[in-house]
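Below: the structure, in structure tokens.
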Amino acid sequence: MLRITHLTLREIRLTLKEPFRISSGAAHERRVLLVELRDADGVVGWGECPAGETPHYSPETVDTAWLAIQRWIAPLVVGQRYDAPADLYPTLRGAIRGHHMARAAVEMAAWELTARARDVPLAQLLGGTRERVATGISLGIQARLDQLVSKAQQARQEGYRRIKLKIKPGADIACIEAVRQTLGSDAPLSVDANGAYAPSDTELLQQLDSFDLAMIEQPLAFDDLVRHAVLQRKLATPVCLDESITSPERAADMVILGSGKIINVKPARVGGFTAARAIHDFAAQHDIPVWCGGLLESGIGRAHNVALASLPNFQLPGDLSPSSRYWDRDIVRPEWTMDDGMVTVPWDKPGFGVEVDRERIEQLTVRSMSLP
Ligand code: MG
């Protein structure tokens, strides 16, 4: 039984060590929304909403998520009883269209709270099995080719198990060619376009087949499964969908249409853990490998992602870089670290396995709201 009695929503600001640029824009500072749920016994669970400042990755933003949580989601869950955290997903989905990241922030906090209340690791509550999770790096678009090559080399030396390059028209073939040449033919390499290409770019995208990429992620528009299906038939490289998979139903659509062969599962994008697990299970039944993507989360969102990525069908390295890649100081203790390209799942601790640095969060808070 889960009875949520209090919800606190806050916004903190975290400065990125270096700006992160993708095809649709760059991030310099992260405005991070944190959700803190409390139950009748005073047990606390944390959630993070990784929506961007602008609607470039998804239609949601920090500000729309704040509004949705404050106005519609919080009043729906505070004071309610649930048999299990999985019950929040149908309730929230039934009442609220869209606003996946806003819903997920609360839903995932409810899972974390439940894990702490039952004194079990979140990974266990979710059905995880892996003790360590392989980690890949996502390299943003660089101003100069030599910068990209040296970052890729450095990432390889640091032990990352897969190197992903963000690409866009005009920053694609030459970048991939240079990195492939430098790293050698056996380095696991992939690319992510974040929807920057059009079906008219098919010939250009076919040229990528010669670089032996593990996948090309979301080449076409964020909401377009049909044209991805047409494109996949013309490419040897597996298409991985990220932005397009917003629910278990969209994952099923991908399989029916043949729009891709791999899924990047981000729990925030699909409305939380319940939907993420459903996608994981469905993909496993259809021999589709999945991996866990990142959205420049703080240590709290990363903790959720690490727990999810411990599930068995997360076969490919996730975007789970250590805290020190992004932040001078994270908001959790211990910070997330990587050893030989692997992140250790904290099976020895309850909840998501790291402690939230409440004092630091207080210092970084720019606004907050509590219910009741
Ligand atoms: Mg992506």
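The values are calculated or read from the model by the stated rules, or taken from the named source; none is laboratory data. Source: prediction; values computed, not measured. Virtual Cβ from ideal backbone geometry, glycine too; neighbours counted across all protein chains shown. When the accessible area is computed, the model is the full protein with side chains, heavy atoms only, and any ligands, DNA or RNA have been set aside. Shrake-Rupley method; radii C 1.70, N 1.55, O 1.52, S 1.80 Å.
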So who's got an amide H within less than 5 Å of the one on Asn313, skipping anything under 5 residues away but keeping other chains? H placed 1.01 Å off N, in plane. none
Sorted from largest to smallest, which semi-axis lengths in Å does the alpha carbon gyration tensor of the stretch 311-372 give for its equivalent ellipsoid, taking the root of 5 times each eigenvalue? 26, 16, 12
Per the stretch 38-95, sqrt(5λ) over the Cα gyration tensor eigenvalues, sorted largest first, in Å, gives 24, 13, 11
Once all protein chains are kept in place, Arg132 shows an accessible area at probe 1.4 Å, nearest 10 Å², of 100
Gyration tensor (alpha-carbon) shape descriptor, the chain, a/c threshold 1.5: prolate
Farthest toward positive dipole pole in the chain [+1 Lys/Arg, -1 Asp/Glu at C-beta], among Ser210, Tyr160, Trp72: Trp72
Between Asp146 and Met1, what FRET efficiency follows from the Cβ-Cβ distance if R0 is 56 Å, with the result rounded to 0.05? 0.45
Gyration tensor verdict on the stretch 26-148 (Cα atoms; rounded if a/c is under 1.5, prolate if a/b is larger than b/c, oblate otherwise): oblate
With a 1.4 Å probe and every protein chain left in place, tell me how much accessible area Cys240 has, in Å² to the nearest 10. 0
How far, in nm, would the chain grow between Arg325 and Asp201 when pulled straight, counting 0.36 nm per residue and subtracting the alpha carbon separation? 41.3 nm
For Ile96 and His28, extending 7 Å from Cα along the Cα-Cβ vector and measuring point to point gives, in nm, a value of 3.1
Taking 0.36 nm per residue of separation between Lys234 and Thr365 and subtracting their Cα-Cα distance, the length gained on full extension comes to 42.3 nm
In whole Hz, with x marking every Gly and Pro, tabulate ³J(HN,Hα) for the stretch 100-115 from phi via Karplus 6.51 cos²θ - 1.76 cosθ + 1.60, θ = phi - 60°. 4, 5, 5, 5, 4, 4, 7, 4, 6, 5, 5, 5, 5, 4, 4, 4
Please list His100, His6, His228, His56 from largest to smallest accessible area, probe radius 1.4 Å, with all protein chains kept in place. His56, His6, His100, His228
Fully extended, how many nm does the chain gain between Asp119 and Ala174 (0.36 nm per residue separation, minus their Cα-Cα distance)? 14.7 nm
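Give the Rg/Rh ratio for the stretch 224-372, taking Rg as the radius of gyration of the Cα atoms and Rh as the Kirkwood radius, to two decimals. Walk me through the numbers before you get to the answer.
Numbers: Rg = 17.4 Å, Rh = 16.8 Å.
Expressed as Rg/Rh, it is 1.03.
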Taking just the C-alpha trace of the stretch 157-262, give me its Rg and Dmax in Å. 13.6, 40
Scaled to the compact-protein estimate 2.2 N^0.38 Å, what is the alpha-carbon radius of gyration of the stretch 218-274, rounded to two decimal places? 1.04
If amide hydrogens are placed 1.01 Å from N in the peptide plane, which non-local residues have theirs closer than 5 Å to the one on Leu16? Glu29, Arg30
How big is the accessible area of Ser138 in square angstrom, nearest 10, if you roll a 1.4 angstrom probe over the protein chains? 10
Which distance in Å, rounded to a whole number, links the C-alpha centroids of the stretch 293-372 and the stretch 247-278? 22
Within the chain, count lysine pairs with alpha carbon atoms under 26 angstrom apart where the residues are 8 or more positions apart or belong to different chains. 20
